[in-house]
Amino acid sequence: MTQFRPGREVMVVGVGLHAFGRFPEQGLSDLARDAVVDALRDSGVPWSAIPVAYFGHVYYHGMSIGETTLAQLGLTGVPIINVENACSSGSTAFWQAYWGITSGVFDMALAFGAEKVPSGPVTVTAENSPARYIGGDHMMAGYALRMKRYMEETGAPASALAQVSVKARQAASMNPYAHRKETYSVEDVLNSRLIADPLTLYQCCPTSEGGAAAVLCAADALDTYGLDRSRAIRVAAAALTSGNYNGRGSDHSAFSPYRTEPAALQAYEMAGIGPEDVDIAQVHDAATIGELQQIEALHLTPFGEAWRATEEGRTALGGDIPVNTDGGLLAMGHPFGASGIRMVHETVTQLRGEAGPRQVENARVGVAQCSGAGDVTTVHILTR
Amino acid sequence: MVVSVDEKCLRLTDESGERGVLLGMRCPNCGVCVFGPATFCQSCTSADLEEVELSTEGTLYSFTIVRVPPSGWPGPVPYVLGEAELPEGPHVLAEVIDCAHDDLRVGMAVTLAIQTVAMDGVAGSERAVYKWRPA
């Protein structure tokens, strides 16, 4: 078991986004740079004051792409680290930035992520892998298997799962950064094209392009750099785990909610809070079933009951545990390297009270949970 | 002679490529068994693993009918992907054949089937692949 010794208190002082969607005219570096410039502007920190940067991305765009991207802002000589941790690449970069500061090594850090995900089903293994003959290397088929089992075990109707998508689009319709902003009904979701039964197209997140960035600073250094304490949001916990063997058959494999649980418990312990204290949550909803199972793994509802909470509107804006308040992966889209930091962006925006029509009243504690293939889970907790 | 799609997962037991067994690695220390190759125990990290032949019968833990296949999928579309739970513990993902979609049920008994599959237009790409069929 890993031992954690957080030291200095760490704050997020700035967040930035490049819109999510399709941008054929722009390269990965353009998306990443725009998000970084946005976050630096938001924080009031000049690039020349940033002592370290971590860049989350998955697809290959040439060697040391983080360095060549930030070189556009000026050659300051600082360490820049490229991070690949599947769908959790961005949230892993954030984790590294947090630990770089809390450990006392750096006063500040930049975490950023970007991606241009190709269209079509996402596969994990290499081109000549035996998995291609087996037919199991298919992200959404993996989610479909979980969905079928979940519906069987809990009695959740297809309409409850479709409601997750409906809710995502409602939130995204109020978010100018979202890839998909048009709203639709439960019937629209259920009648959309089947991808892998019972998962329909509108229950799968779009593959997207986009960028996100966050500037972090030690709480004891805010005054040194003249930063606005009133807009700084505290990082109460940053947890990152790989696979934990738990004896639950396939449930220690990819996409399992049981993978999230150890990271969640670790994060709650670090933060000194429990799930009952959480006001808002951003979770890994690559498919509708993902959102339900992550809500349960975070103990925001008992296992097997997130579908009921969704049907009752409890997880929507206006409910008592709003989940994916910016539209989530389902409507924001999912540029792997950016998504984990996008969740931090939304959490910070909500806790600052700057979310406009999406604002959750009196939000003080926010959780951001991100899962990645190959067994990566991050759970970050931010507090005001 | 047809070769196995993955010799550490499927050992062929005759030259036709139609008979074989799934392989697992079992830890005598803690009893945990996994499908396919492993050097260290997933549960207790012991290196003292022994190869075991897995049961050819399992139950369908879940299934999906894949309508949009992953790139490089060499079979028909749609196809049924099943997750079978074996008595030894491991879950094994494979195509489910010889079953009408309406007859698929979570919990149904399935049995190992082995078929030769070739990648479209790729010479020398024939492999014996493990699949499930209703028991």
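Please treat every number below as a calculation from the coordinates, not as lab data. Just so it is clear, the structure is predicted and the values come from calculations on it, not from any experiment. Virtual Cβ from ideal backbone geometry, glycine too; neighbours counted across all protein chains shown.
Give me the compactness ratio for chain B, meaning the Cα radius of gyration over 2.2 N^0.38 Å. If you can, show how the numbers build up before the last one.
Values: Rg = 15.6 Å, N = 135, 2.2 N^0.38 = 14.2 Å.
Cα Rg divided by the expected 2.2 N^0.38 Å: 1.10.
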Give the Debye-formula value of log10 I(q)/I(0) at each listed q (0.20 Å⁻¹), with one equal scatterer per alpha carbon of the range A:232-384, two decimals each. -1.30
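Translational D (Stokes-Einstein, µm²/s) of the range A:146-241 at 10 °C and 1.306 mPa s when Rh comes from the Kirkwood sum over C-alpha pairs?
Numbers: Rh = 17.1 Å.
Diffusion coefficient, whole number: 93 µm²/s.
Can you sort B:Trp73, A:Trp47, B:Trp132, A:Trp95 so the residue with the fewest Cβ neighbours within 10 Å comes first? List each step's numbers first, then the result.
Details: B:Trp73 22, A:Trp47 17, B:Trp132 29, A:Trp95 25.
If I rank by nearby Cβ atoms, fewest first, I get A:Trp47, B:Trp73, A:Trp95, B:Trp132.
For peptide A:142-150, compute the average count of partner chain beta-carbon atoms within 10 Å of each residue's beta-carbon. Could the numbers behind the result be given before it?
Values: counts 4, 1, 7, 9, 3, 2, 9, 7, 1.
Taking the mean over all residues of the peptide, I get 5.
Of the listed peptides A:66-79, B:56-69, what is their order by residue-averaged count of other C-beta atoms within 10 Å, with the highest listed first? Don't skip to the answer; put the middle values down first.
On the way: A:66-79: 15.3, B:56-69: 21.6.
Per-residue Cβ counts within 10 Å, averaged per peptide and sorted highest first, yield B:56-69, A:66-79.
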The Cα radius of gyration of the range A:28-102, divided by 2.2 N^0.38 Å with N its residue count, comes to 1.04
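In percent, how large is the relative contact order of the range A:148-244, given Cα pairs closer than 8 Å and 6 or more residues apart?
Values: 57 pairs, mean separation 15.8, N = 97.
Averaging sequence separation for qualifying contacts and normalising by length gives 16 percent for the range A:148-244.
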Placing each pseudo-label 7 Å from Cα in the direction of the beta carbon, B:Ala123 and A:Tyr60 end up separated by a distance in nanometres of 2.7 nm
Inverting the mean 1/r over all pairs of different Cα atoms, compute the Kirkwood radius of the range B:1-58 and quote it in Å. 12.1 Å
Which of rounded, prolate or oblate describes the range A:189-230 when judged by the alpha-carbon gyration tensor and an a/c cut-off of 1.5? prolate
May I ask for the distance between the Cα centers of the range A:357-384 and the range B:54-119, given as a whole number of Å? 36 Å
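Over all residues in B:105-115, what is the mean tally of Cβ atoms on other chains that come within 10 Å of each residue's Cβ? Don't skip to the answer; put the middle values down first.
Values: counts 1, 5, 1, 0, 0, 0, 0, 0, 0, 0, 0.
The per-residue average across the peptide is 1.
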For the range A:26-152, take every pair of Cα atoms, bin their distances at 10 Å starting from 0, and report each bin as a whole percent. 11, 35, 27, 17, 9, 1
Just to compare against my own numbers: the Cα pair-distance distribution for the protein assembly as shown, 10 Å bins, whole % per bin, please. 4, 19, 28, 25, 16, 7, 1, 0
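What dipole magnitude, in Debye to the nearest 20, does the range B:1-129 give about its Cα centre under +1 on Lys/Arg Cβ and -1 on Asp/Glu Cβ? All intermediate terms of the calculation are to be shown ahead of the outcome.
Details: 7 positive and 19 negative charges, 59 e Å.
Around 280 debye, computed over the range B:1-129.
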I need to check one value: relative contact order of chain A, counting alpha carbon pairs closer than 8 Å and at least 6 residues apart, in percent. 26 percent
Positive end of the dipole of the protein assembly as shown, charges at C-beta (+1 Lys, Arg; -1 Asp, Glu), about the Cα centre: which of A:Ser88, A:Ala281, A:Leu298 has its Cα farthest in that direction? A:Ala281
Quick one: order B:Leu93, A:Leu145 by neighbouring beta-carbon count within 10 Å, fewest to most. B:Leu93, A:Leu145
Can you order the peptides A:364-371, A:98-105, A:342-349 by their average number of other Cβ atoms within 10 Å per residue, highest first? A:342-349, A:364-371, A:98-105
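Within 10 Å of each Cβ of B:82-91, how many other protein chain Cβ atoms are there on average? If you can, show how the numbers build up before the last one.
Working: counts 2, 10, 1, 2, 1, 0, 0, 4, 2, 7.
Across B:82-91, the average partner-chain Cβ count within 10 Å equals 3.
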